[in-house]
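The values are calculated or read from the model by the stated rules, or taken from the named source; none is laboratory data. Note that the structure is predicted; figures quoted are calculated from it, not measured. Here the Cβ is made from the backbone with ideal geometry for all residues, glycine too, and neighbour counts use every protein chain on show.
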Amino acid sequence: MEDGKKRPPLLIQYFHIFIPLVLLVVLIVLAYPILFGCIISMALMLVMGIINPYCKVTVKVILDSLSNGFKGSLGVTAACASSGIIVCVIGTTGFGLTFTSFILREGVTLIFALIMTMIIVIILGMGLPGVAAYIVGISVAVSVLRKFDIPTVHAHLFIYFFSCMAVITPPVALTAYAAAGLSGGNPMKTGWKAVLITLPSFILPFVFIFDPALLFEGNILNIIYRLFVTSVGVFGLSIAITGYFKCNINIINRLILFIGGLCAIIPHFIADIVGIGLVTVVIIMNILLFKKNSRLPVSAG
């Protein structure tokens, strides 16, 4: 409340924040240089902040923002420099060829090859944008997956998926460093929290290697069925990790949700039934508990 007038919702007050972001995306799509797009978008952000009556933009605010921006970029700069050194060492020492020969030795299973590919793609993707990390990753790992008769599209999607996940994976998690710079949090804790929240995303690439229906291959009914069941599994895993749905979930129910989510993701009919059943039971129990607690009278003390 200000001067006896009710303020509109925050989304309305600070709508100007979204317009420069949209402009930045448009400029990038139109093939303008990224640096040019960033400068234009920041200039527009400043102008709209001055015009907006709910923002009090002063010289001190501008200087403080610039100072905080420079400080926040230091962690990202250090991470990029470190990752560049690592990538150069890998290229100079011929680690890629050594990795390929190691994976393709006798007796190696497909799941082991997939796990090792995930690790090397994440390491090579440290400090790089998704597309650049993907290009580096396929130069080393795609031939390994093809040796296991994995279709080309599947192998490339697997590598691209983890090259994108590299930006949130410590110790060099560029998006975590950027987010920590904005929030004032610890970059390493932010990175590990991001990994924990997105844990189902680390599992999905393994699933679509063994279950092509998730990539819209095969019978249409089977595709719809697998998409539904896998969505239930990811939903259960996500709730188990966060520990909240309508209200807090105790550790036993979180464990049941985690097991149910994993079962639903596994491409096997019996596992699907078990997984959907466990996730559904815990969700219904939590909804009933939430409704029961919401009807309880609130004590005045």
Considering the range 268-294 alone, what residues qualify as being in contact (Cβ under 8 Å) with a residue 24 or more places away in the chain and either assigned to a loop (DSSP other than H, G, I, E, B) or not β-branched (V, I, T) (or both)? D272, G275, L278, M285, N286, L289, F290, N293
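Among the candidates A240, A173, A213, single out the residue that is aliphatic (A, V, I, L, M), over 26 Å from T280 (Cα atoms) and buried (at least 20 other Cβ atoms within 10 Å of the Cβ).
On inspection, the qualifying residue turns out to be A173.
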If you scan the range 221-255, which residues turn out to be without any contact (Cβ under 8 Å) to a residue 12 or more places away in the chain and of a type in the set (A, V, I, L, M)? L221, I223, I224, I251, I252
Go through the range 249-267 and report how many residues are surrounded by 13 or more Cβ atoms within 10 Å (Cβ to Cβ) and not in a helix (DSSP H, G or I). 3
For the range 219-234, check the following and say yes or no: at least one residue is surrounded by 18 or more Cβ atoms within 10 Å (Cβ to Cβ), within 28 Å of I119 (Cα to Cα), polar (S, T, N, Q) and not assigned by TED's automatic domain parsing to the domain that holds F158. yes
Filter the range 118-168 for residues that are among the hydroxyl-bearing types (S, T, Y) and in contact with a Phe, Trp or Tyr (Cβ under 7 Å, 6 or more places away or on another chain) and give the result. Y134, Y160, S163
Identify the residue in the range 104-128 that is at pLDDT below 75 and under 27 Å from the mean Cα position of the chain (by Cα) and, among all such residues, is farthest from G191 (Cα to Cα). L128
Being of a type outside the set (S, T, N, Q), crowded, with 23+ Cβ neighbours inside 10 Å and more than 20 Å from I197 (Cα to Cα) is the requirement here; does L145 meet it? yes
Run G184 past the list (1) outside the structural domain of M118 (by TED's automatic domain parsing); (2) of a type outside the set (K, R); (3) over 27 Å from L114 (Cα atoms) and report the number of the one that doesn't hold. (1)
Residue pairs, Cβ under 6 Å, 6 or more apart or interchain, first in the range 33-51 and closer than 12 Å to Y14 by Cα and in the same structural domain as Y14 (by TED's automatic domain parsing), second at pLDDT 85 or above and in a helix (DSSP H, G or I). List them. M45/P20
